[in-house]
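J.: Below you will find the structure I want to go over with you.
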Amino acid sequence: MKKVSVNIAQTEEATAIKVGQIILDDSHYLTCWGYLQTETGWRKCDFVTNYEVLNTMLRAIEDKSEAVQMAIVQKLENMEQIPEMIDFEAQLGEAVTFDNLRFYLSRPQFQPGSDYMEYAGDSCYYIRKAEYCTSTELYARRIDQCMLALHKNYELYLGYLELEFEENEARAAANLDDDMKYTLAYYAWKQANGR
């Protein structure tokens, strides 16, 4: 068997995940099958984390916290085989949503120069840390993310103009067809560049 070195990529942030199933084994880590919230909606994703992060996540969900904690405690007390799975979708009728937290995610990658390619793409993350956020903080963060996206669209638009695209073609290529979105993108770009 060939030894493979793995490094951890830079940390990314997310504001919501859903967990459908948790895999428990005899290590200090948990594997979660679930979904990651992205700009385009929920995307199927796997997560690996530790019990400390899971405890933070459980304290943050109030509506289903007790049911989720009981499911985990019962499974840990009665583990007959390793690994063991807790299926929240089957027990609770849906995946458990953790949306009042800020997640710090890292994507595992094989080191450059090896003859292996990145094995998980953007469908597997290690949850390094989870921090509780108030709804006001999350709202402000989502506004910042929106402004950043608009800023990038306007920069893309300017790039197309430099490539001598026609005005309408440049706006369409940068996804700024809508006049309101174009105006907001301009103000986001202006604010980011201090003009």
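The values are calculated or read from the model by the stated rules, or taken from the named source; none is laboratory data. Fair warning: this is a prediction, and the values are worked out from it, not measured in the lab. Here the Cβ positions follow ideal geometry from the backbone for every residue, glycine too, while neighbour counts run over all protein chains shown. The protein model used for the area step is the full one, side chains on, heavy atoms only, and it has no ligands, DNA or RNA in it. Shrake-Rupley method; radii C 1.70, N 1.55, O 1.52, S 1.80 Å.
J.: Could you tell me which residue of the stretch 141-155 is farthest from ASN100 (Cα to Cα), considering only residues that are at pLDDT 90 or above and open to solvent by 80 Å² or more (accessible area, probe 1.4 Å)?
T.: GLU155
J.: Still on this structure, please answer the following. Scan the stretch 126-137 and report the pairs whose first residue is open to solvent by less than 50 Å² (accessible area, probe 1.4 Å) and whose second residue is β-branched (Val, Ile, Thr), with Cβ atoms within less than 7 Å and a gap of 6+ or a chain change.
T.: Correct list of pairs: ILE127/THR49; ILE127/VAL53; ALA130/VAL53; ALA130/THR56.
J.: Related question: Give me the pairs: first residue in the stretch 85-102 and within 16 Å of MET70 (Cα to Cα), second residue acidic (Asp, Glu), beta-carbon distance under 6 Å, and six or more apart or on different chains, which are they?
T.: These pairs meet every condition: ALA95/GLU89.
J.: Report, by residue number, each residue of the stretch 20-42 that is more than 18 Å from ARG128 (Cα to Cα), at pLDDT below 90 and open to solvent by 70 Å² or more (accessible area, probe 1.4 Å).
T.: Taking the stretch 20-42 and keeping what is more than 18 Å from ARG128 (Cα to Cα), we get 20-21, 25-26, 38-42.
Checking which are at pLDDT below 90 leaves us with 25-26, 38-41.
ASP26, GLU39, THR40 - these are the residues of the stretch 20-42 that are more than 18 Å from ARG128 (Cα to Cα), at pLDDT below 90 and open to solvent by 70 Å² or more (accessible area, probe 1.4 Å).
J.: Within the stretch 109-121, is there a residue that is under 17 Å from the mean Cα position of the chain (by Cα), modelled with pLDDT under 80 and in a loop (DSSP other than H, G, I, E, B)? Spell out the reasoning first.
T.: As a first pass, look at the stretch 109-121 and keep what is under 17 Å from the mean Cα position of the chain (by Cα): 109, 120-121.
Restricting the remaining residues to those that are modelled with pLDDT under 80 gives 109, 120-121.
The next check asks that each one be in a loop (DSSP other than H, G, I, E, B); those that pass are 120-121.
Yes - at least one qualifying residue is present in the stretch 109-121.
Matching residues to (1) polar (S, T, N, Q); (2) over 25 Å from TYR132 (Cβ atoms); (3) open to solvent by 90 Å² or more (accessible area, probe 1.4 Å):
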| position | (1), (2), (3) |
| --- | --- |
| ARG59 | no, no, yes |
| MET70 | no, no, yes |
| GLU77 | no, yes, yes |
| MET85 | no, yes, no |
| PHE88 | no, no, no |
| PHE98 | no, no, no |
| PHE103 | no, no, no |
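J.: Take TYR126 and decide whether it is modelled with pLDDT of 90 or more, farther than 28 Å from VAL73 by Cβ and hydroxyl-bearing (Ser, Thr, Tyr).
T.: Criteria not met by TYR126.
J.: Report the residue count in the stretch 138-153 for those that are touching a helix residue (DSSP H, G or I) at 6+ places or on another chain (Cβ under 7 Å) and in contact (Cβ under 8 Å) with a residue 40 or more places away in the chain.
T.: Number satisfying all stated conditions: 2.
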